[in-house]
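Asks: One structure coming up, written as C-alpha cells, with questions to follow.
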Amino acid sequence: MVTGADLEDAAESRTDLPDADEVYDREESIPLSALFDDAFVTEHTDFETFDDLVAASPSEATSGADLGEVSSGTWDAFVAEHTDFADEETFVMAARDNWVAKKLDLE
C-alpha cells in the first residue's frame, strides 16, 4: 500500500499520470466502501470487511451504509485497538491514500 510521502514520491516518479478530472468527479462523493475496500480493511484491521468493522464499532450502525457520526474519542479508541492506526484521522487518511494510489495505478 502506498501512503503519505510514499504516494507523493510514486506520483512524482510518473510522467503519465492522468488529470484529476479524468480520475475523480469533484461533484460526486466517494463511497465509504470505495475508501475502505475489503483488501484495505483485511490488511489493516481485525476485520474482513468494512461492514464487519462498523458492526463491531461503538457506533449504532450495523453496516457502512448506516454509519453516521461517532464521537471521536470513542472511535479513536476503537481504531487504535482494532487497526494498524493510532486514531481515526490516521486511519481515514491511509484509506484515502490507498484509494488515490489505486485510481492512479501507483500500487
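Asks: May I ask you to say which residue of Phe91, Phe78, Phe85, Phe47 is touching a Pro at 6+ places or on another chain (Cβ under 8 Å) and either surrounded by 17 or more Cβ atoms within 10 Å (Cβ to Cβ) or within 16 Å of Ala34 (Cα to Cα) (or both)?
Replies: Criteria check complete, one pass: Phe78.
Asks: Can I ask one more? Specify the residue that is nearest to Lys102 (Cα to Cα); the eligible residues are those in segment 28-68 that are among the acidic types (Asp, Glu) and under 16 Å from the mean Cα position of the chain (by Cα).
Replies: Once the filter is applied, the top-ranked residue is Asp37.
Asks: Determine the pairs where a residue that is in contact (Cβ under 8 Å) with a residue 24 or more places away in the chain and farther than 20 Å from Ser59 by Cα, located within segment 88-107, has a partner that is part of a helix (DSSP H, G or I) and of a type in the set (Val, Ile, Thr) with Cβ atoms under 9 Å apart, the partner being 6 or more residues away or on another chain.
Replies: Final answer for the pair search is Val100/Val23; Lys103/Val23; Leu104/Val23; Leu106/Val100.
Bear in mind these aren't lab numbers, they're just calculated from the coordinates by the rules spelled out. Because the structure is a prediction, the values reported are computed rather than measured. Neighbour counts are summed over all protein chains in view; Cβ atoms, including those assigned to glycine, are modelled from backbone coordinates with ideal geometry.
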